[in-house]
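One structure is given here, and the rest of the page talks about it.
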Amino acid sequence: MVWLQIGPQRFGPLRAILLDKDGTLSSSEAFLMALAEARLATALQQVPAGLRPQLTGLLQRAYGLLADQGTPGLDPGGATAVASAGHNLISTATCLAQVGLSWSEALAKAQVIHGQPLDDHLARAELTPPLSGVRQLLRRAQDLGLPCGIISGDCRQGIEDFLRHWGLLGAITVFRGSDQLPAKPAAQAALHLCRDLGVDPQHCLLCGDSGQDLAMARAAGVGVVVGYTGGWRNPPRLQGFDALVADWGAVTLLASTSST
């Protein structure tokens, strides 16, 4: 049996660990900020000059760009950080419609805006390295025979490219992306991942960096719910967790022969 320890807290026994990717396993903020800023710049080129000030404010809020705060950064609860590619595209189209474009025109322009070179899966993989301590944690899980799965707002190809590029593909048993229905944050997405792992949700631990991750885990009946805050300059404000982690180095996986 395997237990997970965070400071004085110990959880288990566990039969699997479920993990979010961006902001939990991978250092994504710098990349996502660059992506949001590139989308914003392209969007402003798509509308007349008179509409640009209004559109700038709308898109900054939609994308979660913290432009008006002392320390620039990305809102870890904003659309760029949390939402799927499809939802982000609709968010952009909605902002364009709010400044007066017809929906068909707004949607067409949103598709151009979301055609950035940074939107390429391989570019994303190369620019989002694993967070400190992730390799060690996954290696320890492998050594203990504890399966790990990923449930992400990224698409399946994006997850695979990240794992392959950083040499982590063998450390993850299964993964589930936003292009597989039911998708995150539906509780059924977590249940499907548990089914693919061959484990009961109550014997799993799920770790994520957003409120929707934690709510999904609770709704699916996951036994242990952990919030991760160390992937962002402005840590996410989370609720509904059993434990909170800011550094993977503070997490220990322990083997036990005890049946209690």
Note to self: I'd like the Karplus ³J(HN,Hα) series for segment 142-147: coefficients 6.51, -1.76, 1.60, θ = phi - 60°, whole numbers in Hz, and an x wherever there's a Gly or Pro.
What the structure shows: 4, 4, 8, x, 9, x
Checklist line | For segment 199-255 versus segment 1-56, the gap between their alpha-carbon centres in whole angstrom | finding: 15 Å
Note to self: Cβ neighbours within 10 Å, averaged per peptide: list 3-11, 229-237 in order, most packed at the top.
What the structure shows: 229-237, 3-11
Next item on the list: For segment 155-260, give the percent of accessible area contributed by carbon and sulfur heavy atoms, probe 1.4 Å, rounded to a whole number.
Entry: 49 percent
Next item on the list: Take the Cα coordinates of segment 1-94, assign each an equal point scatterer, and use the Debye formula without solvent to give log10 I(q)/I(0) at q = 0.15, 0.16, 0.18, 0.20 Å⁻¹.
Entry: -0.67, -0.72, -0.84, -0.96
Checklist line | Label-point gap, in nm, between Gln202 and Ala215 - each point 7 angstrom along Cα→Cβ | finding: 2.5 nm
Next item on the list: Give me the angle, in degrees from 0 to 90, between the Cα long axis of helix 52-63 and the longest principal axis of the Cα atoms of the chain, rounded to the nearest 10.
Entry: 10 degrees
Notebook entry, point to check: So how much slack lies between Arg135 and Ala41, counting 0.36 nm per residue of separation and subtracting their Cα-Cα distance, in nm?
Noted result: 30.3 nm
Item checked: Between 0 and 90°, nearest 10: helix 187-197 axis offset from the chain longest Cα axis -> 50 degrees
Margin query: Please list 3J(HN,Hα) in residue order for segment 124-134, calculated via the Karplus relation 6.51 cos²θ - 1.76 cosθ + 1.60 where θ = phi - 60°; whole Hz, with x for glycine and proline.
Written below: 4, 4, 5, 9, 10, x, x, 5, 4, x, 5
Notebook entry, point to check: So how much slack lies between Leu181 and Leu254, counting 0.36 nm per residue of separation and subtracting their Cα-Cα distance, in nm?
Noted result: 22.9 nm
Next item on the list: Could you provide, to the nearest whole Å², the per residue accessible area of segment 1-114 with probe 1.4 Å?
Entry: 42 Å²
Next item on the list: Evaluate the Debye formula for segment 128-217 with equal point scatterers sitting on the alpha carbons, no solvent, and hand back log10 of I(q)/I(0) at q = 0.15, 0.20 Å⁻¹, in q order, two decimals.
Entry: -0.56, -1.04
Check: To the nearest 10 degrees, how steep is helix 29-45 against the longest Cα principal axis of the chain, on a 0 to 90 scale?
Finding: 20 degrees
Checklist line | Listed candidates [x] 7, 27, 34, 22, 9, 2, 0; [y] 6, 19, 23, 22, 16, 9, 4, 1, 0; [z] 7, 31, 33, 18, 8, 2, 0 - label of the one calculated as P(r) over Cα pairs in 10 Å bins from 0, in percent | finding: [z]
Next item on the list: Please give the contour-minus-distance gain from Trp3 to Gln142: 0.36 nm per residue of separation, less the Cα-Cα distance, rounded to one decimal in nm.
Entry: 48.7 nm
Note to self: Just to be sure I understand: of the beta bridges DSSP finds with both ends in the chain, what percent are antiparallel, rounded to 5?
What the structure shows: 40 percent
Notebook entry, point to check: To the nearest Å, what is the center-to-center distance of segment 89-111 and segment 149-170, using C-alpha atoms only?
Noted result: 30 Å
Checklist line | Helical contribution to [θ] at 222 nm, DSSP H n ≥ 4, -39,500 (n - 2.57), averaged over the chain, rounded to 500 | finding: -12000 deg cm²/dmol
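The values are calculated or read from the model by the stated rules, or taken from the named source; none is laboratory data. Model, not experiment: these values are computed from the prediction. Cβ: placed from backbone, ideal geometry, glycine included. Neighbour counts: every protein chain shown. Accessible surface areas use protein heavy atoms only, side chains included; no ligands, DNA or RNA. Shrake-Rupley method; radii C 1.70, N 1.55, O 1.52, S 1.80 Å.
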